[in-house]
Amino acid sequence: TQTLWIRHLNQARKRGLYSLSAEATLFDVKRLITAGENLLAVRLYRQIYKGTSFKEAQKAIAQIEKGIKAKREIYT
């Protein structure tokens, strides 16, 4: 499973969705969510907010995703 995770991470990097070269921000998390990469978004969220459990990060990502979807509905 570790090899699969690394492959998934490298594919996201090639698509320009995940970069470790700069300090991660919530904008990066939102970009991953928009691209449908919620697991990577959870991982990045936990890197930003150290000490956050996986479940807490999942809940936060779900809330951010709801906000993104609500904004899309307003503009469409």
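Observations on the model:
- Simple spin-label estimate for N38 and L26 in nanometres, 7 Å along Cα-Cβ: 2.0
- Proximal aspartates and glutamates relative to K14, as straight alpha-carbon distance under 15 Å, when same-chain residues fewer than 8 apart are discounted: D28, E37
- Taking 26 Å as the straight-line reach from the Cα of K71, the lysines in range (excluding those fewer than 8 positions away in the same chain) are K30, K55, K59.
- Which of F54, H8, I74, positive extreme of dipole for the chain (C-beta unit charges): H8
- Label-point separation, I74 to S19 (7 Å along Cα→Cβ), nm: 2.7
- Comparing I61, I48, I33 in a Gaussian network model of the chain, where Cα atoms under 10 Å apart are tied by springs, the biggest mean-square fluctuation is seen for I48.
- Helix 2-14 vs. the chain, principal-axis angle (Cα, 0 to 90°, nearest 10): 60
Values quoted throughout were computed directly from the atomic coordinates according to the rules given, and no laboratory measurement underlies them. These numbers come from a predicted model, not from an experiment. FYI the Cβ positions are ideal-geometry reconstructions off the backbone, even for glycines, and counts take in every protein chain you see.
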